[in-house]
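The values are calculated or read from the model by the stated rules, or taken from the named source; none is laboratory data. None of the values given here were measured: they were computed from a predicted structure. All Cβ positions, even for glycine, are placed from backbone atoms using ideal geometry, and neighbour counts span all protein chains on display. Just the protein is used for accessible areas: all its heavy atoms, side chains included, with ligands, DNA and RNA removed. Shrake-Rupley method; radii C 1.70, N 1.55, O 1.52, S 1.80 Å.
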Amino acid sequence: MKFSDIKYQRPDTDAFLSDMDRLIKEFDLADSAEEQLSLISRSDEMLSDLYTMSTIAEIRNTVDTRDSFYEGEKAFFDDFMPVMQTKMQELVEKIVKSPFRSELETELGDVYFINAEMSLKAFSPEIVPLMQEEGALTTEYQKLYASARIPFEGKELTVAQLGAYKQSPDRAQRKAAYEAEGSFFDENRAKFDEIFDKLVKNRSLQAKKLGFDSFVELGYLRRQRNCYTPRDVAVFRKQIISDVVPMVNKIKEDQKKRIGVDDFRFYDNSFMFSDGNAKPHGSPEELLLAAKRMYEEMSPQTAEFIDVMFDMELFDVVAKDGKAPGGYCTSLPKYKLPFVFSNFNGTSADVDVLTHEMGHAFADYVGEREIKWLSNITPSMEGAETHSMSMEFLTSPWHRLFFAEDTAKYQLSHAEDALIFLPYGTMVDHFQEIVYSNPDMTPDERNAEWARLEKIYRPYIDFDSLPFYSRGAGWQRQLHIYLYPFYYIDYCMAQTVALEFFALHLNDPEDAWRRYLDFVKLGGTKTFVGLVKSVGLKTPLEKGSIGPIVEELGRWIEKNNI
């Protein structure tokens, strides 16, 4: 069976809710931990079926946002999922208060209960209408973004398709590509501002109704921040500013020399070499075949995984009209399978996103087979992003399959990008904390705050009067800010751990892979801190932990500079 053959059927939501009611009553009457565990297992099966249908609708909607049927099904789930969450909260409350809790905890693990208690604080039936409105607004943003048909050199391109021109060796063409992109966002400025303003007000009201001072607290609960606080993140930010920003400034000075410019501008930022960036060699189909060979050679576990991915055609990776932006990996729990979505555009980012999302997919595939309980399969997102970002580096012996003679260029720019990303990702999180701490800010005030943070985290950038970017609105390209609030520091935490895995790999590839596989097999049975420590690595939350990682990678970059 292939993914395209999987039949979609809208769930009978009335039957689902009735079945859950019966299950909750049975749970309440159960007179042993064994009976309650059996009922939790049954609820997992029901949720797996529901989530699978929801995921199929979402995949097919993002593959073609113009498909009215799946647009309607996505809207249906946007409305129903908060209702379902109301029902699930009843069961979770019963589990947390069970007279057999100690026995349940022995089987399910302590993290299960930590996360359950957090989920109870983060939800109430009272906010269901607001959550439904939030879902509709995020869908509206995606549709607006995907609607882009940007005139450029006689063509009409999506934002993703413009990406190759933004890395052109022709500086004038790079600038023109950024200007064209910026013009689309400027033309739709009022709508982008309106959607975000409604989202901020909506999320802030949800937080108030749940008794929080701001959405910052609620956002941390929803992102399962089960082992650190905003205060810990503030310590992390200081390390990024003190240890990483100076290194990135040096990388940018080296880049200026490599590309031969004195007046470094934003449209030079992604152009890494004077003769052009490393580009993958081959068509999208050939890149996928290279990925198949890579994972078949990498390990027995990855070989089994990639064969299933290909046999069932669990990919959609080519940029095309009507397709939602970005890339993601998602899960079809009923079938114990992942699905990878991307927008290939002929740049090295195609390989970045391929190895990144395959890291998620491999972890999902392993977790579905190693871990019994649905809630324990996936860790909080810092752990999940460690799966993916580490895979980008652990695949380095096979990068030649994608880049041939440009492999050294790619690996240098990829390592540099890993460091360059850390201040940007941290800035995204810092911006969101400011926005949700001050929900009445105007659009212009938000833009001014973003522009202020740019000077702290990316002081080397000059926007040179580019439309959209020069007015401090560049954050509106970052779909996570609209769709997944506070989901970005996860990437930064994960990147530092991924760089630790890379350092291990450089010295002992077998040890690095063994630890990585151990990390993946733990799924979500431990907190992020617990996962990292369990494989003998340092967490980025520890003071002084980031400097040594940055120094080691800096030495590798200097040694391999071209």
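Only four residue types carry charge here, +1 at the Cβ of Lys and Arg and -1 at the Cβ of Asp and Glu. Report the dipole size of the range 486-533 about the Cα centre in Debye, rounded to the nearest 20.
200 debye
Let me know the Kirkwood hydrodynamic radius for the range 96-216, please, with Cα pairs as the basis and the value in Å to one decimal.
18.4 Å
Amide H of F315: which non-local residues (sequence gap of 5 or more, or other chain) have their own amide H closer than 5 Å, using H built in the peptide plane?
HN-HN under 5 Å from F315: V340.
When the helices in the chain are scored as -39500 (n - 2.57) per DSSP H run of 4 or longer and the sum is shared across all residues, what 222 nm value do you end up with, to the nearest 500 deg cm²/dmol?
Only helices count here, giving -21000 deg cm²/dmol.
For the range 132-290, just the Cα atoms, rotate onto the principal axes and tell me the three extents in Å, largest first.
56, 41, 39
Return, for the Cα atoms of the range 35-78, the radius of gyration and Dmax in Å, separated by a comma.
14.0, 47
Report, in debye and to the nearest 20, how large the dipole of the range 494-562 comes out about its Cα centre when Lys and Arg carry +1 and Asp and Glu carry -1 on their Cβ.
Value, rounded to 20: 260 debye.
Per-residue counts of other Cβ atoms within 10 Å, averaged by peptide: what ranking do you get for 163-171, 394-402, 374-382, highest first?
Highest mean packing first, the order is 374-382, 394-402, 163-171.
Using unit Cβ charges (K, R positive; D, E negative) and no other charged atoms, how large, in debye to the nearest 20, is the dipole of the range 10-93 about its Cα centre?
300 debye
For a protection proxy built on the mean count of beta-carbon atoms within 10 angstrom, sort 81-91, 337-347 highest first, please.
Sorting 81-91, 337-347 by mean packing, highest first, produces 337-347, 81-91.
From the cross-link list K336/K521; K121/K533; K252/K538; K87/K143, which pairs have alpha carbons spaced over 23 Å apart?
Going by Cα-Cα distance, K121/K533; K252/K538; K87/K143 fall outside the 23 Å limit.
Roughly how many whole Å is it from the C-alpha centroid of the range 185-207 to that of the range 437-462?
Here the answer is 16 Å between Cα centres.
Nearest 10 degrees, 0 to 90: what angle lies between the long axis of helix 349-370 and the longest principal axis of the chain (Cα atoms)?
20 degrees
For the chain, which whole percent of the accessible surface, found with a 1.4 angstrom probe, sits on carbon and sulfur atoms?
The nonpolar share, carbon plus sulfur, comes to 50 percent.
Would you kindly work out the equivalent ellipsoid of the range 473-562 from its C-alpha gyration tensor and give its semi-axes, the square roots of five times the eigenvalues, largest first in whole Å?
Equivalent-ellipsoid dimensions as semi-axes: 25, 21, 13 Å.
Step through the residues of the range 178-188 one at a time and calculate ³J(HN,Hα) from phi using the Karplus curve (6.51 cos²θ - 1.76 cosθ + 1.60, θ = phi - 60°), rounding each to whole Hz and writing x for Gly and Pro.
Values per residue, Gly and Pro as x: 5, 5, 5, 4, x, 5, 4, 5, 5, 5, 10 Hz.
Which angle from 0 to 90°, rounded to the nearest 10, does the C-alpha axis of helix 33-63 make with the longest principal axis of the chain?
With both axes taken from Cα atoms, the answer is about 40 degrees.
So what's the convex hull volume per residue for the Cα atoms of the range 279-415, in Å³?
Expressed per residue, the convex hull around the Cα atoms of the range 279-415 is 111 Å³.
Determine by what factor the alpha-carbon radius of gyration of the range 339-381 differs from 2.2 N^0.38 Å, reporting the quotient.
Its radius of gyration relative to the 2.2 N^0.38 Å reference: 1.41.
Size of the range 202-262 along its principal axes in angstrom, Cα-based, largest extent first?
Principal-axis extents of the Cα atoms in the range 202-262, largest first: 55, 25, 16 Å.
When all C-alpha to C-alpha distances in the range 166-214 are sorted into bins of 10 Å, what percent of pairs does each bin hold, rounded to whole numbers?
All Cα pairs considered, the percentages come to 24, 24, 21, 18, 11, 2.
What FRET efficiency comes out for the pair R555/D444, r = Cβ-Cβ distance, R0 = 51 Å, nearest 0.05?
Efficiency computed from Cβ-Cβ geometry: 0.70.
Would you mind giving the three semi-axes, in whole Å and largest first, of the ellipsoid equivalent to the range 66-154 according to its Cα gyration tensor?
With the √(5λ) rule applied to the range 66-154, the semi-axes are 39, 15, 11 Å.
If you take the beta carbon distance between E35 and T229 as r and set R0 to 41 Å, what does 1/(1 + (r/R0)^6) give as a FRET efficiency, to the nearest 0.05?
The formula returns an efficiency of 0.65 here.
Solvent-accessible area per residue for the chain at a 1.4 Å probe radius, Å²?
Value returned for the chain: 40 Å² of accessible area per residue.
At what distance in nm do the modelled label points of I241 and E194 sit from each other, each positioned 7 Å from its Cα along Cα→Cβ?
It is 3.7 nm.
Suppose we look only past 18 Å in the calculated P(r) of the range 370-465. What percent of the Cα-Cα pairs does that tail hold?
Tail of P(r) above 18 Å: 66 percent of Cα pairs.
With only alpha-carbon atoms counted, please give the Rg and Dmax of the range 1-83, in Å.
For the range 1-83, the Cα-based Rg and Dmax read 15.8, 52 Å.
Taking the Cα centre of the range 1-123 as the origin and placing charges on Cβ (Lys, Arg +1; Asp, Glu -1), which of S102, L29, L17 is farthest toward the positive end of the dipole?
Of the candidates, L17 comes out farthest on the positive side.
Helix 546-559 against the longest principal axis of the chain: what's the angle in degrees, Cα atoms only, rounded to the nearest 10?
40 degrees
Please report the antiparallel percentage of DSSP beta bridges with both residues in the chain, rounded to the nearest 5.
75 percent
Residues with amide H under 5 Å of L157's amide H, sequence separation 5 or more or different chain, H placed in the peptide plane at 1.01 Å from N; which?
So L157 has HN proximity to I150, F152.
Choose one of S68, Q85, Y145: the residue whose Cα lies farthest towards the positive end of the charge dipole of the range 63-149 (beta-carbon charges +1 Lys, Arg; -1 Asp, Glu; about the Cα centre).
Farthest along the dipole direction, towards plus: Y145.
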